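Take a look at the structure below.
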Amino acid sequence: MRSARTVPTLDPVEVGDHVCWLVGPGDDFTGTARAFLSDGALFGDKVLVVGAPGSRWLQQGTAQGLVLDPDLGRAEGGCWDPEAMLGAVRREADTATREGFRALRVLARMDRVWPGGASPAEVARHELGLDALVAEGGALVVCAYHRQSFPGAALDQSVGVHPHTVGMRPVMPDFRMFSAEPDCWSVSGVVDSDGAATFRTAVSGLLSRSTTVRLRCDGLELMDAAGMQALAEAAAAFPGRRIVVEGANETVRRCWTLLGFDAPQIPVELTP
């Protein structure tokens, strides 16, 4: 089963991993990216890079692979966007399997995907969709977020919706959400007033894609009133859709009822 973790380097990244790489101003992005991509030849992976082909991190011995250049697509009048990246990863992962590769190894510079930055909602929708794809197997994906290119809220959101993180932040998010199985999402940690807005954005991203969202909360330690309010508001914003919260502990279920959220007009069901 997938679990949330922070790893010191990209070396232990394996098939099925979806990593948020937080790149600081002093980090050796070029050398680290080159080493990660070169490992593709060692492990028998097909390499896919999202970024500009003229970048130094694709030169000096990097394993050959496919390159998606979002800037070129936009310059030619195309409508390249994060959904195009999602489609490309799925397509190339299927192709890699047919061609006999172990997996598709992806490195994406997210400042090239979103050259003008991104909102927390955009980050949540894209990364949760990508995480569901990676969880199916056949790919390992590293999303490089350069800190200077994204505002704090978007950066916090990016960490919360990746199972794995490389690169430390002063304060890591209290909760993590990622794909547990098809149409089911694991929520772990603490959802309180500090992370309620981020949590609501993530849940809204899921509801925008599915009529029923299952949240597996065995690893959820606490959800306070602000977190419950965020969950209820996300559900109310998408009429005709519902949320099923599985495995919430007794304290969470009791507080949900005491605070009045256990009502017919709130399409959220809590189960043991």
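Computed from the coordinates by the stated procedures, all read-outs in this text should not be read as laboratory data. Since the model is a prediction, treat every value here as computed from it, not as a measurement. Reconstructed Cβ throughout: ideal geometry from the backbone, glycine too, with neighbour counts over all protein chains shown.
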Hey, got the Cα dimensions of region 121-167 along the principal axes, in Å, largest first?
31, 22, 14
Sort the following peptides by mean Cβ neighbour count (other Cβ atoms within 10 Å, averaged over residues), highest first: 187-197, 155-165, 105-115.
155-165, 105-115, 187-197
Estimated inter-spin distance, residue 81 and residue 242, nm [label 7 Å along Cα→Cβ]
3.1
Between residue 197 and residue 136, what is the spin-label point distance in nm, taking each point 7 Å from the Cα along the Cα→C-beta axis?
3.4
Hey, with R₀ at 45 Å, roughly what FRET efficiency would residue 258 and residue 41 work out to, going by the Cβ-Cβ distance, to 0.05?
0.20
Averaging sequence separations of C-alpha pairs under 8 Å and six or more residues apart, then dividing by the length of the chain, give the relative contact order as a whole percent.
19
For a label point 7 Å along the Cα-to-beta-carbon line of residue 66, residues of region 1-42 with backbone N under 19 Å:
15-19, 37-42
Net length gained if the chain between residue 119 and residue 15 were fully extended (0.36 nm per residue, minus Cα distance)
34.6 nm
Signed unit charges on C-beta, dipole axis of region 176-271, positive-most listed residue 206, 259, 227:
206
Spin-label pair residue 5/residue 269, simplified geometry with 7 Å Cα→Cβ offset, distance in nm
3.5
Starting from the Cα-Cα distance between residue 183 and residue 97, subtract it from 0.36 nm times their residue separation and give me the gain in nm to one decimal.
28.6 nm
Equivalent ellipsoid, region 176-271 (semi-axes from 5 times Cα gyration tensor eigenvalues, Å)
17, 16, 13
